[in-house]
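K.L.:
Can you read through this structure? Questions will come right after.
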Amino acid sequence: MLVVPFRWRWPCFIAALALVAGGCTRSKPPEGLHAGDFVVRIAIDPDPPRAGENVLHVDVRDSQDKPVDGARVALVYDMPAMGAMPEMKGNGDSKPLGGGKYDVSYGLAMLGDWYVTVGIEAPGHAPAEVKLKVSPPRNGYTVQSHGGGSVRESGPHMLEMTPERQQLIGVVYAKVARRPLSLSLRAPGRVEVDETQVGDVVLKYDAFVEKLLVDHTGQPVKEGQPLLVLYSPDLLSAQQDYLVALRSQGAGGSEQLVRAAEERLRVWGLSSAQIAALRSGGRAEPRVTIHSPRAGVVLEKNVVAGTRAMPGMVLYRIGNLGRIWVIAELFESDAPYVQSGQPATMKLPWAGDATWKGTVQFVYPTVEERTRSVRARLSFPNARFAFKPGMFVDVHVEVPLGNRLAVPDNALLASGEHRYAFVKRGEGQLQAMEVRVGALAGDYDEVLAGVDEGDEVATQATFLLSSEAQLRGVLPRWGQP
């Protein structure tokens, strides 16, 4: 009795199983397959096919059963990915034999289920495709589909893939629908002083600074707080003129002189209380105290003790930092969306997730030529004075767009300036459609043209679909600018 070593038993079992499987035959498809306006007859050699070189005998005839010569017969074969094994694919080599017959050689790397697509193009005929499934070591083949192809750019870009294979590579669909969209605009910004909260202390006569009561920049001041003491011969002369006019009341024209002298003092900045004190005291005072016109901090101080102050000179600039401006630099493409009155939020780069709410106050009408950016002015409260002029911040403006037709962003594939989506067109068929998009609103993109409401688009495994579609030539513009 022959004893088979144990290490040989498993290969022998596999070989025996292959022989048994090879003896099982499948029913052959019809002799002629109608693909477009072709009648195609296909035979495989060897039968059953094997791991290695194989030949497909293709007989192409027209609707009148006349042989079609000069056709271009192309073959693509592939095996879907399984587990850790990647997808395998390749192309066949076609050889015309005359009389409408063609031999296409192709090599299979291993046993198993292989999908074979035969594409046929001939002058005067529409392109056609026949899809087969061969499963060495089993006999024969199974016809998956046959009909008009999608080789020409004028035809629909259709990718045929069985539902089982779609599930295997992880294709997931989502519907194109109308939904509320909002555009998130993000931009860097710089904190600045609110110009409407700034006041200058300006002198209107010649004077000399005798004493500074507020002597450094950044010092907080209250409205009406004394800032400095001035000595002014011009002011002294004006006060004396006023007192002389008061003493001469009763004479002709004295009332007009009093009013003119008092108005001159008011124009020069003396308050009603100071004029009343001058009138009651009856003595001109060459020194005058200048008070702050508003509450805030000293932004600029342009004098020191002993300085001669000329008319029109800015002594102090005082600003209220309780409300600040942020000048944001937005992309030029964001200009149509940002408008005055829109809510905005602000974050400091070093302050974690803390945010502050404000409002878009003004959008500047020009574009910065150097940076090609659009500037927007935003207003924020600053009650705790946490924001200092000159700080850099991050600005976020949420722009509601209303209900618009939208497609998931992960359904779109980009090629240069073009975007494509794979649309489900029935059981086992996907069509590559170019999509024209509008606003890019986060997870969804606005659709302007290309797909319709209710269409189902692939949102997962789109890269694998694009590779398959590119291999089969159903993306005619893929890779073009």
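Read the figures in this text as sums done on the coordinates, not as results from a lab. Please read all numbers here as calculations on a predicted model, not as lab measurements. Here Cβ is always computed from backbone atoms with ideal geometry, including for glycine, and neighbour counts include all displayed protein chains.
K.L.:
For the chain, find the longest principal axis of its Cα atoms and tell me its angle to the long axis of helix 254-267, 0 to 90°, nearest 10.
P.N.:
40 degrees
K.L.:
Short version: ³J(HN,Hα) in whole Hz for each residue of segment 187-203, in order, from phi by Karplus 6.51 cos²θ - 1.76 cosθ + 1.60 (θ = phi - 60°), x for Gly and Pro, what are they?
P.N.:
Each residue of segment 187-203 in turn: 7, x, x, 10, 6, 9, 6, 5, 5, 6, 10, 10, x, 9, 9, 10, 8 Hz.
K.L.:
Give me, ordered by chain and number, the residues 5 or more places off Phe362 or on other chains with an amide H under 5 Å from its own placed amide H.
P.N.:
For Phe362, the qualifying residues are Arg377.
K.L.:
Same structure, new question: Over segment 404-467, calculate the relative contact order: mean separation of alpha carbon pairs under 8 Å at least 6 apart, over the residue count, as a percent. Before the final figure, lay out each step's value.
P.N.:
Values: 105 pairs, mean separation 24.0, N = 64.
This gives 37 percent for segment 404-467.
K.L.:
Which chymotrypsin sites (Phe, Trp or Tyr not before Pro) in segment 201-279 sit in a loop by DSSP (not H, G, I, E or B) and have at most 14 other Cβ atoms within 10 Å of their own Cβ? Display every interim value, and only then the final one.
P.N.:
Working: sites: Tyr205, Phe208, Tyr231, Tyr242, Trp268; in loops: Tyr205, Trp268.
The qualifying sites: there are none.
K.L.:
Still on this structure, I have one more. So which lysines can Lys89 reach, going by Cα to Cα under 16 Å and dropping same-chain residues fewer than 8 places off?
P.N.:
Once the sequence-local lysines are set aside, what remains near Lys89 is Lys131, Lys133.
K.L.:
Work out from phi, with θ = phi - 60° and the Karplus expression 6.51 cos²θ - 1.76 cosθ + 1.60, the ³J(HN,Hα) of each residue of segment 95-102, listed in order in whole Hz, and give x for Gly and Pro.
P.N.:
After applying 6.51 cos²θ - 1.76 cosθ + 1.60, I find 9, x, 10, x, x, x, 9, 9 Hz.
K.L.:
Going by alpha carbons, how many degrees (0 to 90, nearest 10) lie between the helix axis of 233-247 and the longest principal axis of the chain?
P.N.:
Rounded to the nearest ten degrees, it is 50.
K.L.:
Net charge near Val457: determine it from the other residues with C-beta under 9 Å of the C-beta of Val457, scoring Lys and Arg +1 and Asp and Glu -1. Could the numbers behind the result be given before it?
P.N.:
Numbers: positive: Lys175, Lys424; negative: Asp455, Glu456.
Result for the local shell: 0.
K.L.:
Further question: Would you mind checking which residues have amide H under 5 Å from Thr459's amide H? H placed 1.01 Å from N; only 5 or more apart, or other chain.
P.N.:
Distant-sequence amide H within range of Thr459: Val172, Tyr173, Ala174.
K.L.:
Go through 433-443, 123-133, 345-355 and give me the packing order, highest mean Cβ count within 10 Å leading.
P.N.:
Working: 433-443: 15.9, 123-133: 18.3, 345-355: 12.4.
With the highest mean Cβ count within 10 Å placed first, the list reads 123-133, 433-443, 345-355.
K.L.:
Now for a different question. Among the aspartates and glutamates, select those whose C-alpha is under 18 Å from the C-alpha of Lys204, and discard any that sit fewer than 8 residues away in the same chain.
P.N.:
Filter leaves Asp234, Asp241, Glu262, Glu263, Glu285.
K.L.:
In a shell of Cβ-Cβ distance under 11 Å around Lys175, excluding Lys175 itself, what net charge do Lys and Arg (+1) and Asp and Glu (-1) give? Display every interim value, and only then the final one.
P.N.:
Values: positive: Arg178, Arg179, Lys424; negative: Asp452, Glu453, Asp455, Glu456.
Net charge in that neighbourhood comes out at -1.
K.L.:
May I pose another question? Relative contact order for the chain: what percent, with Cα pairs under 8 Å and sequence separation of 6 or more?
P.N.:
Working: 1043 pairs, mean separation 77.3, N = 481.
Relative CO of the chain lands at 16 percent.
K.L.:
Still on this structure: Compute the distance in nm between two label points, each set 7 Å from the Cα along the Cα-to-Cβ direction, one at His216 and one at Glu329.
P.N.:
The two pseudo-label positions are separated by 3.3 nm.
K.L.:
For a protection proxy built on the mean count of beta-carbon atoms within 10 angstrom, sort 314-323, 410-419 highest first, please. Don't skip to the answer; put the middle values down first.
P.N.:
Values: 314-323: 19.3, 410-419: 15.8.
Ranking the peptides 314-323, 410-419 by packing returns 314-323, 410-419.
K.L.:
I'm spelling it out carefully: the read-out is Kirkwood radius over Cα pairs in Å, the candidates are [x] 31.2; [y] 23.9; [z] 23.3, and one was derived from this structure. Which label?
P.N.:
Entry [x].
K.L.:
Still on this model: Taking θ as phi - 60°, what are the ³J(HN,Hα) couplings along segment 301-310 by the Karplus curve (6.51, -1.76, 1.60), each to the nearest whole Hz, with x for Gly and Pro?
P.N.:
So the J values, rounded to whole Hz, are 9, 10, 9, 10, 4, x, 5, 8, 9, 9.
K.L.:
Right, here's the next one. Measure of size requested: the Rg and Dmax of segment 24-149, with Cα atoms as the atom set and Å as the unit; please supply both.
P.N.:
For segment 24-149, the Cα-based Rg and Dmax read 14.3, 49 Å.
K.L.:
Moving to a separate point now. May I ask for the net charge around Met346, where only other residues with Cβ less than 9 Å from the Cβ of Met346 are counted and Lys, Arg are +1 while Asp, Glu are -1? Mind showing how you got there, number by number?
P.N.:
On the way: positive: Lys347, Lys357; negative: Asp394.
That works out to +1.
K.L.:
Also: How would Tyr364, Tyr106 line up from fewest to most surrounding beta-carbon atoms within 10 angstrom? The partial results should precede the final answer.
P.N.:
Values: Tyr364 14, Tyr106 20.
Ranking Tyr364, Tyr106 by Cβ neighbours within 10 Å, fewest first, gives Tyr364, Tyr106.
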